[in-house]
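Have a look at the structure below before the remarks.
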């Protein structure tokens, strides 16, 4: 009798889009947002999937070039403390301002849920050494 690994719960997808060319989703790059992660899936025959945990998001940037504005797309850059993917670019996604806001709201909710403090997010050392005693002035 074969033992099966327990099946994982399905991921609730809040948003999904493909990288667009000339405003059309003609690409093998897909972006998804869940309640706690952002996924990037690339490839046709060989598929690579990367993810960034939302509580690690430090900043979100929006880039709109002239041609992106013409076609109604933009690039949302997610800057995180993730070691393998410090910057995840969601390139040429439709309605980028709403995507940026959706990521921000879910990242903040995730940080509150996991009680992540800003010092943890920024990677700072919260326990500092005590100050050195003053020199002996004799």
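Taken together, the values in this text are just the output of simple stated rules run on the coordinates, not laboratory data. This structure is a prediction, so every number in the text was calculated from the model and none was measured.
Determine, at each q value in 0.13, 0.16, 0.17, 0.25 (inverse angstroms), the log₁₀ of I(q)/I(0) that the Debye formula gives when each Cα of segment 1-84 is one equal point scatterer. Results for segment 1-84 at q = 0.13, 0.16, 0.17, 0.25 Å⁻¹ read -0.55, -0.78, -0.87, -1.32. Between the alpha-carbon centres of segment 6-22 and segment 83-110 there is a gap of 13 Å.
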